[in-house]
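S.K.: Take a look at the following structure, please.
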Amino acid sequence: MDLRVERLSGIRVLRRPEEGLQALVQRAPQAEAWAERTTEKLRPTFTVLYGNRRRLATTGVGVLALWLFFHVVLGANGMVVYRQKRAEYQSLHREIDSLQKENDQYTEHVKALRGDPKTIEKEAREQLHYTRPGEVVYVAPAPPPPQPAATNAARK
């Protein structure tokens with residue numbers, strides 16, 4: 001029986017650390033030359049940028065300030081939305097106050113209907129058309145139904 005393992009294609013053989021270090025040392029002059037060429041090509045650009053660094057910084061700060069201003073004023077939680085929400089809050093608060101007053105009036109009316117004979121008599125006279133002997137009740141006719149508005153097409 002043969003127990004030898006043949007070289008498998010899926011197994012990767014790692015280099016020894018010394019071989020990698022030697023390859024790096026051999027390529028170092030090429031990398032230095034490339035870095036020197038790139039630096040020489042970009043030197044005029046760096047010189048212009050360095051000369052204009054204050055203008056670039058001022059422009060950057062200005063752009064940042066404008067963006068921040070628009071974000072604060074017009075953003076999702078900006079001043080415009082805040083004022084709309086505040087106006088909505090105030091209108092809802094006024095509506096709650098008016099409904100509370102109306103509710104208080106109805107509560108007082110219910111209390112009066114439970115215990116005040118004058119209020120009970122008034123409601124009976126108004127809703128059930130009750131009268132005392134010798135009284136005459138006049139009932140106004142119901143208002144006519146509203147007429148549909150005439151359109152421009154009907155006038156032609």
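The values are calculated or read from the model by the stated rules, or taken from the named source; none is laboratory data. This one's a predicted model, so the numbers in the text were calculated from it and none came from an experiment. Virtual Cβ from ideal backbone geometry, glycine too; neighbours counted across all protein chains shown.
S.K.: Which of (1) within 43 Å of the chain's Cα centre (by Cα); (2) outside any helix (DSSP H, G or I) is the odd one out, the single condition P133 does not satisfy?
M.R.: (1)
S.K.: Consider D97 against the criteria (1) surrounded by 10 or more Cβ atoms within 10 Å (Cβ to Cβ); (2) over 42 Å from the mean Cα position of the chain (by Cα); (3) not aromatic (F, W, Y): it satisfies all of them except one. Which criterion is unmet?
M.R.: (2)
S.K.: I would also like to ask the following. Here is a check on your reading of the model: is V61 modelled with pLDDT under 90 and either over 22 Å from the mean Cα position of the chain (by Cα) or of a type outside the set (D, E) (or both)? Spell out the reasoning first.
M.R.: On the way: modelled with pLDDT under 90: no; either over 22 Å from the mean Cα position of the chain (by Cα) or of a type outside the set (D, E) (or both): yes.
The answer is no for V61.
S.K.: Quick one: count up the residues across the stretch 76-108 that are more than 30 Å from E123 (Cα to Cα) and of a type outside the set (S, T, Y).
M.R.: 16
S.K.: Report every pair of residues separated by at least 6 positions or lying on different chains whose Cβ atoms are under 9 Å apart, first residue within the stretch 71-87 and without any contact (Cβ under 8 Å) to a residue 12 or more places away in the chain, second surrounded by 11 or more Cβ atoms within 10 Å (Cβ to Cβ) and not in a helix (DSSP H, G or I).
M.R.: Sorted first by the residue in the stretch 71-87, then by its partner, the pairs are H71/G78; V72/G78; V81/G75.
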